[in-house]
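Contents: one structure, followed by commentary.
Here, each number is a calculation from the coordinates, and none is a lab measurement. Since the model is a prediction, treat every value here as computed from it, not as a measurement. Quick reminder, even Gly has a Cβ in these numbers, built from the backbone with ideal geometry, and neighbours come from all protein chains shown.
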Amino acid sequence: MADTSIPSFKAADLVIQLSSSLKTKPDVGEFGSVFTDHMLTIEWTATEGWKAPFIRPFGNLTLHPASTSLQNAIQLFEGLKAYRGDDNQLRLFRPMLNMNRMANSARRTCLPTFDQSELLECIRKLVEIEQDWVPHSDVASLYIRPTFVSTEQSLGIKKPTRALLYVILSPAGFYFKTTDAVSLWADPKYTRAWKGGTGDCKMGGNYGCSLYAQYEAVDYGCQQVLWLYGDDHQVTEAGTMNVFLHWINENGDEELATPPLDGIILPGVTRRSILELSRKWGEFAVTERYITMDQLCCAVKQQRVKEMFGCGTACMVCPIGRVVYQGQDLHIPHQDAKVTTRIAKELTDIQYGRTPSDWAFLV
């Protein structure tokens with residue numbers, strides 16, 4: 001819920017300035033490399049509160065060199081998508097979950113609160129204006145990137161008195177350059193997040209600090225990092241994805257498991273949706289539990305692993321085919337990944353309107 005102590009901006013006050021020169025819409029290229037004609041900006045100051053939301057031509061921002069978003073990483077972002085269905089209707093997938101997560105991240109960053117429903121309506125209007133940018137494809141979409149930064153002009157570390165919330169759009173195809181199963185490098189010397197930290201918030205600093213390990217993973221012949229935590233090397237996330245393991249567990253039971261939300265794991269919208277979908281099937285145990293690398297290694301050796309996959313808004317559902325860990329090369333079954341395939345189909349059927357669902361928000 002929004003903090004009513006800080007009055008929110010209102011979508012009814014939205015000001016729209018359309019561009020006089022529209023871009024030629026290219027084919028969908030590399031993820032996040034092409035942007036639409038317009039953007040949404042909403043300014044805030046402690047003295048004047050929220051200004052009116054403003055949809056304007058896409059353009060560069062002007063920031064003071066001492067802005068604390070640049071100096072102290074007081075900033076956050078979100079990610080969701082607009083899909084064009086077979087019926088030509090545009091849909092967002094469970095967008096209020098993204099709005100709520102963004103508000104939680106804002107509280108953790110000491111940025112001002114806002115009414116999530118009002119922001120969603122502003123985003124809906126922006127997507128409506130840019131509807132011709134939504135690909136006519138069931139393997140592509142329009143990626144929506146809400147971003148919230150401090151514009152406080154100070155080298156001191158303090159609560160911002162100025163901020164900017166903005167939203168940009170980018171047509172998006174596949175996140176990875178290949179549709180094959182990804183390979184993961186697991187090394188406990190690097191930690192993505194820790195208890196009491198900000199691993200459960202979508203802050204830029206969580207991602208920038210992962211680059212060094214990411215490139216070391218490539219040196220080991222892997223595409224992504226499998227992040228571990230603790231002395232027992234708990235599995236947490238894979239690159240920017242939540243992780244699921246479909247296996248026969250230690251008790252001999254068939255189980256779909258994912259690490260719990262204990263402050264380290266990002267509460268992904270796709271993650272939550274997969275848990276809810278698979279629990280409705282009622283075909284095997286679906287749990288949120290800790291999984292250690294010793295357990296995974298043992299299960300692979302005993303051929304108890306059925307499949308493993310990562311998930312997220314950008315990458316959707318991505319099979320995992322290999323994990324490199326302390327000299328061991330663990331090969332994960334993925335050629336006949338029935339659960340991965342089924343989950344991906346059920347989610348995309350909702351997103352593209354083939355299956356009616358209240359998870360689909362019409363634009």
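Note on ASP358 and LEU63: their simple-model spin labels are 4.0 nm apart, each label 7 Å out from Cα toward Cβ. Per-residue 3J(HN,Hα) values for the range 84-97, derived from phi via the Karplus relation 6.51 cos²θ - 1.76 cosθ + 1.60 with θ = phi - 60°, read 9, x, 4, 8, 6, 7, 8, 9, 9, 9, 6, x, 5, 5 Hz in sequence order (x marks Gly and Pro). Here the 3J(HN,Hα) profile of the range 247-259, calculated from phi with Karplus coefficients 6.51, -1.76 and 1.60 at θ = phi - 60°, is 7, 9, 6, 4, 8, x, 9, 6, 8, 10, 10, 9, x Hz, Gly and Pro shown as x. Helix 338-351 and the longest principal axis of the C-alpha atoms of the chain enclose an angle of approximately 20°. The longest stretch of the chain left intact once loop-based GluC sites (Glu not before Pro) with at most 12 other Cβ atoms within 10 Å are removed from consideration, loops following DSSP, is 49-249. Backbone amide hydrogens, once placed in the peptide plane, bring LYS81 within less than 5 Å of PHE93, ILE144, excluding anything fewer than 5 places away on its chain. Note that the range 103-116 has calculated 3J(HN,Hα) couplings of 5, 5, 5, 4, 4, 5, 9, 6, 8, x, 7, 7, 7, 4 Hz, one per residue in order, obtained from phi through the Karplus relation 6.51 cos²θ - 1.76 cosθ + 1.60 (θ = phi - 60°); glycine and proline are x.
How many nm is it between the label spots at ARG272 and GLN326, if each spot is 7 Å from the Cα in line with the beta carbon? In this crude label model, ARG272 to GLN326 measures out at 3.5 nm.
Tell me the angle of helix 269-281 to the major Cα principal axis of the chain, expressed in degrees between 0 and 90 and rounded to the nearest ten. Helix 269-281 sits at roughly 50 degrees to that axis. Close amide H pairs (under 5 Å, H built 1.01 Å from N) link THR355 with ILE350, residues at least 5 positions away or on another chain. Within the range 135-199, the trypsin sites (Lys or Arg not before Pro) that combine a DSSP coil assignment with at most 15 other C-beta atoms in a 10 angstrom radius are LYS158, LYS177, LYS189, LYS195.
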